[in-house]
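Following: one structure in structure tokens, then a few remarks.
The values are calculated or read from the model by the stated rules, or taken from the named source; none is laboratory data. Here the structure is a predicted model, which is why all the values come from computation and not from measurement. Virtual Cβ from ideal backbone geometry, glycine too; neighbours counted across all protein chains shown.
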Amino acid sequence: MDEARRFLRHIGPGLVYAVECILLLLIALPDWTIAQLSSLKGETGLGVAAGFFLASGGVGFLLSTVHHAVNWRFEEVFDHRKWLQRMVDSDVLELKYRPGGDPVPKDQVKRVSRISAWAILTALWHERAHKNELASATVRATGLADLTHSIGTLRVVSVVAPLTVVTILANVATLSTRPADILRWVSAFLVGIVLWLVQREGYRRTGKLAREVIEQSLTDVLVAEMKLGLPVAAHLSPEESTVSFPVVSRVRGWLSRWFRIGPPRLSNREDR
């Protein structure tokens, strides 16, 4: 069942990509688009449709990888650093530099990287996924996370599809100054912008909802453990680097490839 869901998750964006391209072409260049669609009849049309359906899985996977790259580089929808800071400040969670090592000072937790915060939350969640409270929440959280990533991929589609349409128009259309042609092209452009805005807003809203459900569910379980006197601790990875200044951290990363400069680290009393 999970494999089928993952397959459909990649098929969907590929099909939406085709639909959005056809929609924009029908607005911008209706006669040519209808002629092309009419030529796909009989066995030829069925073969093209079947081939594109299979290929849409690969297209959807490529668009999904673009979404993940954009998500980790430029978005903060799934950023759990503030949650981690709240847990440490409330003494619900003790964050250490390494297993059995010194605790990270509270004023330095905010310097933990986004990836490490995500890894800590995910590890804490799956260590407790068998508990009744999280067992029921896991299904809902997984569904919301999948929905968020699907909408995020559709946001990429809303950028790639108009670029594809522009490329097609540049090759098959001729520049026209007739008011009707200008109106169609402007309308297609505006529809593309609206679709992008809708997908962008949907991604951020759904992502925020998924993040809050995940954090609240795990917080309830950790607080219950704290009240029972059960210690809750997490540790940073050995390669942990701070990302409090993203540009500086990125420049250091480039320099480290050439001069072997180590990544910036949180100050560890054990290393002194």
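Residues in the range 126-151 that are more than 18 Å from K208 (Cα to Cα) and assigned to a helix (DSSP H, G or I): H126, E127, N132, E133, L134, A135, S136.
Restricting to the range 37-55, and then to whatever is surrounded by fewer than 11 Cβ atoms within 10 Å (Cβ to Cβ) and not in a helix (DSSP H, G or I), can you tell me which residue is modelled with the lowest pLDDT? Once the filter is applied, the top-ranked residue is K41. The residues in the range 180-211 that are closer than 23 Å to A35 by Cβ, exposed (fewer than 12 other Cβ atoms within 10 Å of the Cβ) and not β-branched (V, I, T) can be counted, and the count is 2.
Within the range 162-212, being part of a helix (DSSP H, G or I), of a type outside the set (D, E, K, R), in contact with a helix residue (DSSP H, G or I) (Cβ under 8 Å, 6 or more places away or on another chain) and farther than 30 Å from A141 by Cβ holds for P162, T164, V165, I168, L169, V172, W185, S187, A188, F189, V191, G192.
Residue-by-condition table, conditions (1) modelled with pLDDT of 85 or more; (2) assigned to a loop (DSSP other than H, G, I, E, B); (3) surrounded by 14 or more Cβ atoms within 10 Å (Cβ to Cβ):
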position	(1), (2), (3)
G57	no, no, yes
H67	yes, no, yes
N71	no, no, yes
F78	yes, yes, yes
L84	yes, no, yes
M87	yes, no, yes
V92	yes, yes, yes
A117	yes, no, yes
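When the range 119-154 is filtered for residues that are surrounded by 14 or more Cβ atoms within 10 Å (Cβ to Cβ), without any contact (Cβ under 8 Å) to a residue 40 or more places away in the chain and either closer than 24 Å to G60 by Cβ or of a type in the set (K, R) (or both), only T142 remains. Condition first: among the polar types (S, T, N, Q), touching a residue at least 60 places away in the same chain (Cβ under 8 Å) and under 24 Å from R81 (Cβ atoms). Can you find one or more residues in the range 155-170 that meet it? Scanning the range 155-170 turns up no residue that is among the polar types (S, T, N, Q), touching a residue at least 60 places away in the same chain (Cβ under 8 Å) and under 24 Å from R81 (Cβ atoms). For the residues D107, D102, the requirement of being closer than 23 Å to L218 by Cα and not aliphatic (A, V, I, L, M) singles out D107.
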